[in-house]
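The values are calculated or read from the model by the stated rules, or taken from the named source; none is laboratory data. Remember, predicted model here, so these are calculated numbers, not experimental data. All Cβ positions, even for glycine, are placed from backbone atoms using ideal geometry, and neighbour counts span all protein chains on display.
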Amino acid sequence: MIKESLKSYGKRTDKSMKTIVKLERLRLKIHNNTVNYLSEYNLTFNQFKVLEVLYHRGDLNTSSITKLTMSTPGNITVVIKNLKRDGLITSIKLPQDRRNSILTLTEEGKLLIEKVFPDHAKKLYNSLSVLNEQELGTLYNLLDKVYQAN
């Protein structure tokens, strides 16, 4: 049996804290399921995010990938290095600026993300299948409202 906290910070604050804890537990559960799935393909979550962004957005520079994957420059550098090492992405130097390059999927990288992504999408779909269309729309709108306010 879970013991309720003896200290209250007010009904609204208590409910807000419990809601954030629920959101974090759900995020962690979905994240862990995703990490376990990706490990079947010897991919880390961050490697998957880079492959997914390149697949859906096309060729990009490192800065754009960092922003789109919500990563840090230091981490993304290591992830990109490892994806290049594994032959999943390659870089193309820009003729107008040799210091900058564009990252692109190799044929092997494209084949891998095309194999991995559909099942990933289905797993995410299934994780929210307890909601009907209206509930899913409401949840999305409410989360977006909170996101925009912070």
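Exactly one residue out of Tyr147, Tyr125, Tyr140 is among the hydroxyl-bearing types (Ser, Thr, Tyr) and under 19 Å from Leu38 (Cα atoms), and it is Tyr125.
The residues on offer are Thr104, Thr90, Thr62, and the sole one that is farther than 26 Å from Leu26 by Cβ and touching an Asp or Glu at 6+ places or on another chain (Cβ under 9 Å) is Thr104. Checked against (1) free of Cβ contacts under 8 Å to residues at least 40 places away in the same chain; (2) polar (S, T, N, Q); (3) closer than 30 Å to Val146 by Cα; (4) surrounded by 10 or more Cβ atoms within 10 Å (Cβ to Cβ), Thr106 passes all but condition (3). From the list Asp144, Asp86, which residue is under 17 Å from Phe45 (Cα atoms), among the charged types (D, E, K, R) and modelled with pLDDT of 95 or more? Only one candidate passes the filter, namely Asp86. Taking helices (runs of 4 or more DSSP H) as the structural unit, those lying wholly within region 1-74 and holding at least 3 residues that are among the aliphatic types (A, V, I, L, M) and either exposed (fewer than 11 other Cβ atoms within 10 Å of the Cβ) or under 17 Å from the mean Cα position of the chain (by Cα) (or both) correspond to 11-39, 45-57.
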